[in-house]
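Okay, structure first, notes after.
The values are calculated or read from the model by the stated rules, or taken from the named source; none is laboratory data. On a predicted model such as this, the values are computed, not experimentally measured, just so you know. Here Cβ is always computed from backbone atoms with ideal geometry, including for glycine, and neighbour counts include all displayed protein chains. For accessibility, only protein heavy atoms count, side chains too; no ligands or nucleic acids. Shrake-Rupley method; radii C 1.70, N 1.55, O 1.52, S 1.80 Å.
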Amino acid sequence: MTNKNLKKSEFDSYYGRYIYKISDNIDLIEGFQNGKTKVFQFFNSIPENKLSHRYASGKWSIKEILQHLIDTERIFMYRCFRIARNDKTPLAGFDQNIYMSPSGAEDKSIDLLLGEFTATRYASIALLDSLSEADLKRIGNSNGGAMSARAAAFTIIGHDIWHMDTIKEKYL
């Protein structure tokens with residue numbers, strides 16, 4: 001399943017900032033596999049002395065951004081799963097800033113964070129492998145708006161790109 005046929009009615013316009021970062025006609029599973037490699041290589045290439053850098057007061061460090069990618073993937077794959085299984089219960093949003101302090105990202109090594117990212121990504125790929133095209137096209141209610149299971153998954157790929165671009169632009 002590719003993003004080529006993803007319709008604007010399958011996601012709130014807010015998520016377009018991530019979905020439109022993805023090249024056209026990307027296969028979902030391939031996008032997750034390639035994204036795993038890109039994220040791993042990108043964060044692994046950042047010098048150790050830069051990993052705790054914040055470009056401004058109150059902004060997350062690079063390690064915290066990686067933790068945010070992991071947390072967000074878990075949440076969006078949960079949304080994907082619930083929607084794919086035809087659960088019509090509205091799914092709540094989340095405050096990403098609340099998650100950061102208890103995550104302890106700053107106290108984790110880059111190897112531990114990348115291991116956590118990799119494990120999360122493999123679990124996501126396994127879930128996507130188990131879903132049919134019909135499952136992925138199902139629409140649910142996420143954070144007060146319509147979202148298809150596949151849009152939740154594609155959002156993750158674009159979200160990773162968004163944050164790596166931000167790091168390149170503001171941190172390095």
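Every test in (1) over 18 Å from S124 (Cβ atoms); (2) under 17 Å from the mean Cα position of the chain (by Cα); (3) open to solvent by 10 Å² or more (accessible area, probe 1.4 Å) is passed by N5 save one, and that test is (2). Could you check how many residues of segment 160-172 are open to solvent by 10 Å² or more (accessible area, probe 1.4 Å) and either closer than 19 Å to G35 by Cα or in a helix (DSSP H, G or I) (or both)? So the count comes out to 9. S142 fulfils the conditions (1) over 17 Å from Q33 (Cα atoms); (2) without any contact (Cβ under 8 Å) to a residue 12 or more places away in the chain except for a single criterion, (2). Filtered by the rule that a residue be small (G, A, S) and in a helix (DSSP H, G or I), segment 22-36 gives G31, G35. When you scan segment 113-123, do you find a residue that is open to solvent by less than 70 Å² (accessible area, probe 1.4 Å), without any contact (Cβ under 8 Å) to a residue 24 or more places away in the chain, out of contact with any Cys (no Cβ under 9 Å at 6 or more places or on another chain) and under 23 Å from R54 (Cα atoms), even just one? Among the residues of segment 113-123, at least one is open to solvent by less than 70 Å² (accessible area, probe 1.4 Å), without any contact (Cβ under 8 Å) to a residue 24 or more places away in the chain, out of contact with any Cys (no Cβ under 9 Å at 6 or more places or on another chain) and under 23 Å from R54 (Cα atoms), which makes the answer yes. Annotation: of all residues in segment 82-112 being basic (K, R) and in contact with a strand residue (DSSP E or B) (Cβ under 7 Å, 6 or more places away or on another chain), the one that is surrounded by the most Cβ atoms within 10 Å (Cβ to Cβ) is R82.
Scanning segment 124-145 for residues that are outside any helix (DSSP H, G or I) and among the hydroxyl-bearing types (S, T, Y) yields a total of 2. If we scan segment 39-61, do we find a residue that is of a type in the set (D, E) and open to solvent by less than 80 Å² (accessible area, probe 1.4 Å)? No; the residues of segment 39-61 include none that is of a type in the set (D, E) and open to solvent by less than 80 Å² (accessible area, probe 1.4 Å). The residues of segment 124-135 that are open to solvent by 10 Å² or more (accessible area, probe 1.4 Å) and in contact (Cβ under 8 Å) with a residue 24 or more places away in the chain, listed by number, are I125, L127, D129, L131, E133, D135.
In this structure, does I139 turn out to be modelled with pLDDT of 95 or more and surrounded by fewer than 21 Cβ atoms within 10 Å (Cβ to Cβ)? When the stated conditions are applied, I139 passes them. Residues that are of a type in the set (D, E) and either within 26 Å of L131 (Cβ to Cβ) or under 16 Å from the mean Cα position of the chain (by Cα) (or both) do not occur anywhere in segment 33-49. Every condition in (1) open to solvent by 50 Å² or more (accessible area, probe 1.4 Å); (2) more than 15 Å from the chain's Cα centre (by Cα); (3) farther than 23 Å from I46 by Cα is met by G145 except one, and the failing one is (1).
For D87, the conditions (1) assigned to a helix (DSSP H, G or I); (2) at pLDDT 95 or above; (3) of a type outside the set (G, A, S) all hold with the exception of (1).
Looking at R79, R150, R121, just one residue is under 22 Å from F32 (Cα atoms), assigned to a helix (DSSP H, G or I) and in contact with a strand residue (DSSP E or B) (Cβ under 7 Å, 6 or more places away or on another chain), and that residue is R79.
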